[in-house]
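Everything below concerns the one structure shown next.
What follows is calculated from the coordinates using simple rules that are stated; it is not laboratory data. Quick caveat: nothing in here was measured; it's all calculated off a predicted structure.
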Amino acid sequence: MNRTTTSLLAVGLGVAAYRLAQRNNWINNRTMKKMRRRLTKSIF
């Protein structure tokens, strides 16, 4: 697996987890910002 595939997979998983958490109202905005920062750092 190359880097592009891995990052795409990570994005897909992140989006799925984010949608699930949003639907179940698990996370607040502060957690979301932290998660988004970690995601962007891991991708770029």
I need the phi-derived Karplus couplings for the stretch 5-13: 6.51 cos²θ - 1.76 cosθ + 1.60, θ = phi - 60°, integer Hz, Gly and Pro marked x. 4, 5, 5, 4, 4, 4, 5, x, 5
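First check a/c for the stretch 3-43, with a ≥ b ≥ c the square roots of the eigenvalues of its C-alpha gyration tensor; if it is under 1.5, answer rounded, and if not, answer prolate when a/b is larger than b/c or oblate otherwise.
Here the stretch 3-43 falls in the oblate category.
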